1. What residue, of Leu104, Leu99, Leu120, is of a type outside the set (D, E, K, R), under 25 Å from Gln159 (Cα atoms), buried (at least 17 other Cβ atoms within 10 Å of the Cβ) and assigned by TED's automatic domain parsing to the domain that holds Ser199?
2. Just checking, does the stretch 33-54 include any residue being acidic (Asp, Glu), modelled with pLDDT of 85 or more and in a helix (DSSP H, G or I)?
3. Would you mind telling me which numbered condition in (1) buried (at least 16 other Cβ atoms within 10 Å of the Cβ); (2) modelled with pLDDT of 85 or more; (3) not acidic (Asp, Glu) Thr23 fails?
4. Quickly run through the stretch 65-112 and pick out the residues that are touching a residue at least 40 places away in the same chain (Cβ under 8 Å), among the hydrophobic types (A, V, I, L, M, F, W, C) and closer than 22 Å to Leu136 by Cβ.
5. Can you find a residue that is surrounded by fewer than 12 Cβ atoms within 10 Å (Cβ to Cβ) and at pLDDT 80 or above anywhere in the stretch 80-88?
6. Can you pull out the residues in the stretch 36-52 that are under 30 Å from Glu206 (Cβ atoms) and either among the charged types (D, E, K, R) or outside the structural domain of Ser13 (by TED's automatic domain parsing) (or both)?
7. When only residues in the stretch 1-20 that are among the basic types (Lys, Arg) and modelled with pLDDT under 85 count, which is surrounded by the most Cβ atoms within 10 Å (Cβ to Cβ)?
8. If you take the residues of the stretch 12-34 that are of a type in the set (A, V, I, L, M, F, W, C) and touching a residue at least 24 places away in the same chain (Cβ under 8 Å), which of them is nearest to Glu209 (Cα to Cα)?
Amino acid sequence: MENPKDYLSTRQSARHLQVSLGTVQKMVETGELLAWKTQGGHRRILMSSLEQLLKRRRLGIRQRCGDQFLLLAILRRSDTFEEFKSFTSPWKSELDLHLCADTLEALMQSVSLAPDVIYLDSAISPVEQVHLLHYLSRNTHTKHIPVLVEEAFLKIHPQVLKMTPETGSDGRLKAGRKPTHNPMIRSYQKDHLLLEDGSVNLKFSEKMENLILDCMAKKCERT
């Protein structure tokens, strides 16, 4: 009997790779991904094959973009700074980490530091997050910086995904503009940075580093 953890559907694979269904199908046809079809004609992609593809992609990112990146983490409270530093300590990439817990300071640092990626703490109030995303998506110096935002927040406030230089703070388009999705806003699933015993939540830490590397890949593709 097939173990569901060993394979993914085409749609699930596309979500993991942040590509279209058609791209996944082409990857299967060219042999980049290993797959088979069920008796019902549904394609199943081997999970280990997808993981190997992600590893090759991340290696390519490091070769093209270098091992170092600057991360600006905007946290709710300054007393969590050390906790976040511990959370990022297992990362294999060389990290230039900057932390702040003030909205105004965060906006200024976003411009002055020109970080590669910005992380928004899920504990920041929704009003502040909307304000930050509105500014970051419209400012000339920050609109091309990937911003990591908690998935649950985006489900409650989907209008922020439409915040681009062509829209207002309510996500409504200016006259004569076509609707668009802001590709710079990326979601992550909320979890604890540290476990109950004080050790790093390694699974969450690895997921976050991989998400940032994917963001870096998108930036490299555009440059």
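The values are calculated or read from the model by the stated rules, or taken from the named source; none is laboratory data. These numbers come from a predicted model, not from an experiment. Every residue, glycine as well, gets a Cβ built from its backbone with ideal geometry; the counts of neighbours run over all protein chains shown.
1. Leu120
2. no
3. (1)
4. The answer is Cys65, Phe69, Leu70, Leu71, Leu72, Ala73, Ile74, Leu75, Phe84.
5. Yes.
6. If the condition is that a residue be under 30 Å from Glu206 (Cβ atoms) and either among the charged types (D, E, K, R) or outside the structural domain of Ser13 (by TED's automatic domain parsing) (or both), then Arg43, Arg44, Glu51 are the ones that fit.
7. Among those that are among the basic types (Lys, Arg) and modelled with pLDDT under 85, it is Arg15.
8. Result: Leu17.
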